[in-house]
1. Determine, yes or no, whether Gly91 is on the phi > 0 side of the Ramachandran plot and in contact (Cβ under 8 Å) with a residue 24 or more places away in the chain.
2. Go through segment 134-145 and count every residue that is exposed (fewer than 15 other Cβ atoms within 10 Å of the Cβ) and closer than 14 Å to Glu84 by Cα.
3. Quick one: which of Tyr74, Tyr39 is part of a loop (DSSP other than H, G, I, E, B) and either among the hydrophobic types (A, V, I, L, M, F, W, C) or surrounded by 14 or more Cβ atoms within 10 Å (Cβ to Cβ) (or both)?
4. Within segment 110-133, which residues are under 25 Å from Glu71 (Cβ atoms) and either over 16 Å from the mean Cα position of the chain (by Cα) or surrounded by fewer than 20 Cβ atoms within 10 Å (Cβ to Cβ) (or both)?
5. Regarding segment 90-108, can at least one residue be identified that is closer than 15 Å to Ala20 by Cβ, surrounded by 15 or more Cβ atoms within 10 Å (Cβ to Cβ) and charged (D, E, K, R)?
6. Looking only at segment 19-36, count how many residues are crowded, with 17+ Cβ neighbours inside 10 Å and either in a helix (DSSP H, G or I) or acidic (Asp, Glu) (or both).
7. At least 3 residues that are of a type in the set (A, V, I, L, M) and modelled with pLDDT of 95 or more in each: list the helices (runs of 4 or more DSSP H) lying fully within segment 87-147 that qualify.
Amino acid sequence: MSPEGLALIGPLALTAVRDAFGVVDAVGGLTLGADPISYAIAYASAQTDEPVRAFTVRKEAKAHGAGRQVEGPYNPGDRVVVIEDVITTGGSALRAIEVLRAHGAQILGVLALVDREEGGRQAIETQGLSVVSLVTAGEILPLLPLP
């Protein structure tokens, strides 16, 4: 992500997370899509009274080293918002939720940069979780120039 993108998305996403979910300990999701957004949120929170940590969820536990599937400053029991770059089917977020629940996280909900409006939000909501998106495909597509 560009420096300008990080500077824009970090504060916007931090505000959306706090408005929707209240006090949050950490944010993260399935690597690679969630990583820059999570780190931008953590950076934007650094000078606030309630900093938010960012972590990464691997698709599989590492076969070497510590063998972790959740990397970074995550603690069991953390109040967590799962981050997604784009929600299509919801599969990536649901996989991250499954891993994080197995690691003792309190999942507060999901924040997506873009909801493509293709059923992913509903798939996540069937798990009893709220989904917040900064923008939807329906809001973006009319703004794009015609080919």
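The values are calculated or read from the model by the stated rules, or taken from the named source; none is laboratory data. Owing to the predicted nature of the structure, the values given are computational and were not obtained by experimental measurement. Backbone-built Cβ (ideal geometry, glycine too); neighbour counts: all protein chains shown.
1. Numbers: on the phi > 0 side of the Ramachandran plot: no; in contact (Cβ under 8 Å) with a residue 24 or more places away in the chain: yes.
Considered against the rule, which asks whether it is on the phi > 0 side of the Ramachandran plot and in contact (Cβ under 8 Å) with a residue 24 or more places away in the chain, Gly91 comes out as no.
2. Going residue by residue through segment 134-145, those that are exposed (fewer than 15 other Cβ atoms within 10 Å of the Cβ) are 135, 138-145.
This time we only want the ones that are closer than 14 Å to Glu84 by Cα, so: 135.
Total satisfying the criteria: 1.
3. Values: Tyr39 fails: part of a loop (DSSP other than H, G, I, E, B).
Just one listed residue meets the conditions, Tyr74.
4. Once the filter is applied, which keeps residues that are under 25 Å from Glu71 (Cβ atoms) and either over 16 Å from the mean Cα position of the chain (by Cα) or surrounded by fewer than 20 Cβ atoms within 10 Å (Cβ to Cβ) (or both), segment 110-133 yields Val114, Gln127, Leu129, Val132.
5. No; the residues of segment 90-108 include none that is closer than 15 Å to Ala20 by Cβ, surrounded by 15 or more Cβ atoms within 10 Å (Cβ to Cβ) and charged (D, E, K, R).
6. Of all residues in segment 19-36, those crowded, with 17+ Cβ neighbours inside 10 Å come to 21, 24-30, 33-36.
Now narrow it down to the ones that are either in a helix (DSSP H, G or I) or acidic (Asp, Glu) (or both): 21, 25, 35-36.
Counting residues in segment 19-36 that are crowded, with 17+ Cβ neighbours inside 10 Å and either in a helix (DSSP H, G or I) or acidic (Asp, Glu) (or both) gives 4.
7. Values: elements: 91-102, 120-125, 137-140.
Fully inside segment 87-147 and qualifying: 91-102.
Condition check ((1) among the aliphatic types (A, V, I, L, M); (2) without any contact (Cβ under 8 Å) to a residue 40 or more places away in the chain; (3) outside any helix (DSSP H, G or I); (4) closer than 18 Å to Val131 by Cα) across all residues:
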{"residue": "Ile9", "(1), (2), (3), (4)": "yes, no, no, yes"}
{"residue": "Tyr43", "(1), (2), (3), (4)": "no, yes, no, no"}
{"residue": "Pro51", "(1), (2), (3), (4)": "no, yes, yes, no"}
{"residue": "Ala54", "(1), (2), (3), (4)": "yes, yes, yes, no"}
